Amino acid sequence: MKQQFNKWTLAALTAAALSLPLSNAAFADELTAPASVQSMQLAASETVDNAEEAVSDTWITSKVKASFLADDSISGLDIKVETNQGVVALSGVVPTDAERDLAVEKAKAIKGVTAVSADGLKSTE
């Protein structure tokens, strides 16, 4: 049994010794990475930022639309909602100016909304 333990110990030590030269690549510093690797990391970072922005805009649009549909005072199905970089654009036709103003206020109350454009939202009054 002692001889079997020694074989396992020797095998483990050999494997560890053989893997040491390969570990340097895994822990390479950004400063020592080739320019092509750094540019790929930068491109990946920009892609992630763009994806986060798109998700945020989609989330804002969904929240605004849901708040309209949950409010009996707003014709939620008649209002189109679009979001670009946190700016919500409302369009469509509502029965009154008061409903138009309420829609704008509800949209402004959503987290992440930086501005609301209601130029495309008309009232029939």
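The values are calculated or read from the model by the stated rules, or taken from the named source; none is laboratory data. Quick caveat: nothing in here was measured; it's all calculated off a predicted structure. Quick reminder, even Gly has a Cβ in these numbers, built from the backbone with ideal geometry, and neighbours come from all protein chains shown.
Anything in region 100-113 that is in contact with a helix residue (DSSP H, G or I) (Cβ under 9 Å, 6 or more places away or on another chain) and either at pLDDT 95 or above or aliphatic (A, V, I, L, M) (or both)? List them, or say none.
Passing the criteria: Ala103, Lys106, Ala107, Ala109, Ile110, Val113.
Taking region 95-125, which residues are in contact with an Asp or Glu (Cβ under 8 Å, 6 or more places away or on another chain) and either closer than 19 Å to Gln85 by Cα or part of a loop (DSSP other than H, G, I, E, B) (or both)?
Correct list: Pro95, Thr96, Lys106, Glu125.
Report every pair of residues separated by at least 6 positions or lying on different chains whose Cβ atoms are under 8 Å apart, first residue within region 76-91 and buried (at least 22 other Cβ atoms within 10 Å of the Cβ), second small (Gly, Ala, Ser) and part of a helix (DSSP H, G or I).
So the pair list comes out as Ile79/Ala103; Val81/Ala107; Val88/Ala107; Leu90/Ala103; Leu90/Ala107.
Which ones in region 67-89 are more than 12 Å from Glu105 (Cβ to Cβ) and among the small types (Gly, Ala, Ser)?
Across region 67-89, the qualifying residues are Ala70, Ser75, Gly76, Gly86, Ala89.
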